[in-house]
Every structure is written in structure tokens, then in C-alpha cells.
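Trainee: Following this message is one structure expressed as C-alpha cells.
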Amino acid sequence: SDKDKECLIALGLTPIPANVNDVDSVAAACEGATCVICALNGLHDVIVERQSVLLEGTVKAGVPRFISSDYSADFTKTIPGDNRNFDLRREFMARADTVPIQVTSILNGAFIDLLGAEMPIIQPGIHSVLHWGSADQLLDFTTKDDVAAYTAAAALDETTPRILRIAGDSVSAHDIASIMSDVTSEKYRTLWAG
């Protein structure tokens, strides 16, 4: 949008238009870059297909490094078929591993900023913290700002590994229930959601 463009220009950036469905257009927009960072989110048409166009354009432009749009829990340690979103990232990772440039996946757990309304693990109406599986399983959380900072640092570091695992904190559903009980002075319990 024009408003977004104005914000980028105010930050000292230069927006370059590109057709996100056309490899040649993406390649032209990526000319001269040293790293392309993808921040797309969606389902198969975005995480696999559109991100693949961006990756192919990056390779075609001769950009040596690409950071894929993972920003998620560590899907490499999950069972294929158990989670659609992780499976999409796993499918893209397989494609990314075939290109002749350095690709980095940043696995940061969940965005703690979303804990509550957008990620309704905490249920204040019933004083409960939802969990799937064990209430003692550790969950990784990182703020969006910290993930952005790590991503920027990774983009500037030519030695970034294939998979960069970060977590601001690791807590279980039991831990969250205890924290919520302390913060609200109301007794929170864990609730198995299936």
C-alpha cells in the first residue's frame, strides 16, 4: 500500500516492485542483494509455491543467501503428517535443500506476542491453560522483535547455519498456569485439549 511504502521510505529503504508470481521479475528485484529474507505466511500456495518463486528468483539473481519463512516451532523434530503447517515448511525445506546457495531456517518457537487472543492457549474465562499431549512438554516462545533482530543478524552473518534454533524462553503448560495464577491471583489449571 502507499502507506506501507511511505513507512519503508521513511526508514531509508527503497521499495522495488516485483511480480511475486514471476521468477524473472523477482530476480530483477533481487539484483545486487547479498541475502533475501522471506517473511511470507499462508498455506501451500504461499509457503511452498510463492516462496519457491522467491527462492528461484534469488538463485537466478546470483544472491548467495536466503532465509526462508519458517519462524516456527522446530518442525524437524515433529512427526510428518501430524501438523499441516509444519508439513508445508518441511516440503519447502526439501526444495530449498536442492538449490546451490546457502539457505537458513530460523526456528524460534511461537511468537509470545500472540499468546492469548491470537494463540488462545490461555483461557481466562475458565482459568485454564490448554495443552495437547503432556502438560509438561516444553514450548519455545520468542518475541517478534527478538526474532526480527536474530533474523537481521543472521542476514549479515555469512556463517549462519542451515537451521538456527533460538528461544526467548521455554515453558510448559504447567509453567504458564503457575505464572497466570501468580499474575492474576486466581488459580489456573491445565486443560488437555486433545
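The values are calculated or read from the model by the stated rules, or taken from the named source; none is laboratory data. Computed from a predicted structure; not experimentally measured. Ideal geometry is used to build each Cβ from the backbone, glycine not excepted, and the neighbour counts take in all protein chains shown. Keep in mind that these areas ignore ligands, DNA and RNA; they rest on the heavy atoms of the full protein, side chains included. Shrake-Rupley method; radii C 1.70, N 1.55, O 1.52, S 1.80 Å.
Trainee: Give me the accessible area per residue for the stretch 80-172, probe 1.4 Å, as a whole number in Å². Please report the intermediate quantities before stating the final value.
Mentor: On the way: 5090 Å² over 93 residues.
Per residue, the stretch 80-172 has 55 Å² of solvent-accessible surface.
Trainee: Keeping the other protein chains in place, figure out the carbon and sulfur percent of the accessible area of the chain, with a 1.4 Å probe.
Mentor: Values: 6240 of 11060 Å².
That share works out to 56 percent.
Trainee: Another question about this same structure. Within the stretch 77-186, report the trypsin sites (Lys or Arg not before Pro) that DSSP leaves as loop and that have at most 14 other Cβ atoms within 10 Å. Present the calculation step by step, with values, prior to reporting the outcome.
Mentor: On the way: sites: Lys77, Arg84, Arg89, Arg90, Arg95, Lys144, Arg162, Arg165; in loops: Arg162.
Answer by residue number: Arg162.
Trainee: Net charge near Ala110, counting Lys/Arg +1 and Asp/Glu -1 over other residues with Cβ under 12 Å of its Cβ?
Mentor: Values: positive: Lys144; negative: Asp74, Asp113, Glu118, Asp140, Asp169.
Here the charged neighbours net out to -4.
Trainee: Follow-up. How large are Rg and Dmax for the chain when calculated on the C-alpha trace, in angstrom?
Mentor: 19.2, 58
Trainee: For Lys3, which lysines qualify as cross-link partners when the Cα separation must be under 27 Å and same-chain residues fewer than eight apart are set aside?
Mentor: Of all the lysines, those that pass the test against Lys3 - Cα under 27 Å, at least 8 places apart if same chain - are Lys144.
Trainee: Follow-up question, since we're still on this one. Averaged over every viewing direction, what's the projected area of the C-alpha convex hull for the stretch 135-194? Give it in nm², one decimal, please. Walk me through the numbers before you get to the answer.
Mentor: Details: hull surface 22.9 nm².
The orientation-averaged projected area of the Cα hull of the stretch 135-194 comes to 5.7 nm².
Trainee: Which of the GluC sites (Glu not before Pro) found in the stretch 1-85 are in a DSSP loop and have at most 15 neighbouring Cβ atoms, other than their own, within 10 Å? Walk me through the numbers on the way to the answer.
Mentor: On the way: sites: Glu6, Glu31, Glu49, Glu56; in loops: Glu31.
Qualifying residues, ordered by number: Glu31.
Trainee: Taking the Cβ-Cβ separation of Ser52 and Ser181 as r and a Förster radius of 35 Å, what is the calculated FRET efficiency to the nearest 0.05?
Mentor: Working: r = 46 Å, r/R0 = 1.31.
Efficiency for this residue pair is about 0.15.
Trainee: Could you tell me what percent of the DSSP beta bridges with both partners in the chain are antiparallel, to the nearest 5?
Mentor: On the way: 5 of 21 bridges.
Close to 25 percent.
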